[in-house]
1. Using the 10 angstrom Cβ neighbour count as an exposure proxy, how do Thr300, Thr41, Thr142 rank, fewest first?
2. Can you give the charge dipole size of segment 63-275 about its Cα centre, rounded to the nearest 20 debye, using +1 on the beta carbon of Lys and Arg and -1 on the beta carbon of Asp and Glu?
3. Quick one: length gained pulling Val315 to Ser203 fully straight, 0.36 nm per residue minus the C-alpha distance?
4. Fewest to most neighbouring Cβ within 10 Å: what's the order for Leu87, Leu248, Leu202, Leu81?
5. Classify segment 243-311 as rounded, prolate or oblate from the Cα gyration tensor: take a ≥ b ≥ c as the square roots of its eigenvalues, call it rounded if a/c is under 1.5, otherwise prolate when a/b beats b/c and oblate if not.
6. Check Gly288: other-chain or 5+ apart residues with amide H under 5 Å from its amide H, H built from backbone geometry?
7. Where does the Debye-calculated log10 I(q)/I(0) of segment 63-275 sit at q = 0.11, 0.16, 0.18 Å⁻¹, using only Cα point scatterers of equal weight, no solvent?
8. Over the Cα atoms of segment 218-261, what is the Rg over Rh ratio if Rh follows Kirkwood?
Amino acid sequence: MNEATAPETESVAIRKRIRWIATLERFGVVLFLAVMMLFFTTQNIRFIYPRNLFNILSDVSIYGVMAVGMTLVILTAGIDLSVGAILAFAAMSAAAVLKGTGESRAIPEDPLAFGGFAWLIALAVATGVGSICGWVQGFATTRLKVPPFVVTLGGMTVWRGATLVVGEGSPISGFAPGLRWWGNGSFLFVPIPVWVFAVVTLSGFILLQYTRYGRQVYAVGGNPEAARLSGLRVSRILVSVYTIMGFLAGLAGFMEMARLDSAEAVAGEGFELRVIASVVIGGTSLFGGLGGVFGTVVGTVLIGVLLNGLVIMNVSAYYQQIIIGVIIVLAVAFDTFAKSKSGSISTR
């Protein structure tokens, strides 16, 4: 009788371990975010004030928008290191269209310029330029068979250089109030950038979870060869995710120039780290095929909470970069550990 019950006992233990690992893998980041918020609140009660929380959400909205696009890219086992440079190039291109060239750039913009729709022109130019940049990189990755790491690393330099060329090495500033509203305005007491982030997040979630295209993205990331044999146009899907990434980087560039009332060549520097960290910390696997937008949002907010809390505690900006880097490594290590454990348990 003991021999008969022993396998059953072991089976129950294995199932419990699987559930524990699955639960930790799914909700671990949320729990960590909650603990971190509690810790910073105990250090300074001002951390939990609504004004500070809205400041955090406003700060993370710009790179959070790009993180949604990066989720699609990483789900296909790709990477995009050029998002910060595309942001700067898209914003500078939009600013150049609005302000012209030479000395005219120093003249404050007329609020009624372009019929009061300067913001719409800036939005169209920024997202259009970003989409083209993303398409070019996707095309180079699929048709030229160059690894996305190399393509986007080169793109990071190319688009940053193009930003300097368009801006002639100087920032462009002084936009109409209608444009600045998209970066500094509010609706129902919620900052506009937060609304934009929410809309992009909801759109990304619906796209991945409830559309055929979303299932194709997961299929390509899970096993591109199997996806190709099943009739999917893998190259077209890969190009599309980089184009979407470029579009959202352009949107983030529009938001950045609206918030700062300036387009600068140094805009978006270091955003690559934050965007990729948000996606990876949120549970999207660098090996592709696993993850989602919800986790990315949690990862984005987590980084914002961490940076804001460290500032409130007067921690040096140098140490902030070190802490974020360590968290990225730990997140990837945990992802690898959880998958190896769940795989080894399920095969017993």
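1. Result, fewest neighbours first: Thr41, Thr142, Thr300.
2. Roughly 840 debye, rounded to the nearest 20.
3. 36.7 nm
4. Starting with the residue having the fewest Cβ neighbours, the order is Leu202, Leu81, Leu248, Leu87.
5. oblate
6. Residues meeting the criterion, in which the H sits 1.01 Å from N, are Ala77.
7. These q points yield log10 I(q)/I(0) values of -0.52, -0.99, -1.18.
8. On the Cα set of segment 218-261, Rg over Rh gives 1.29.
Every read-out reported here was derived from the displayed coordinates using simple, explicitly stated rules and does not represent laboratory data. Since the model is a prediction, treat every value here as computed from it, not as a measurement. Here Cβ is always computed from backbone atoms with ideal geometry, including for glycine, and neighbour counts include all displayed protein chains.
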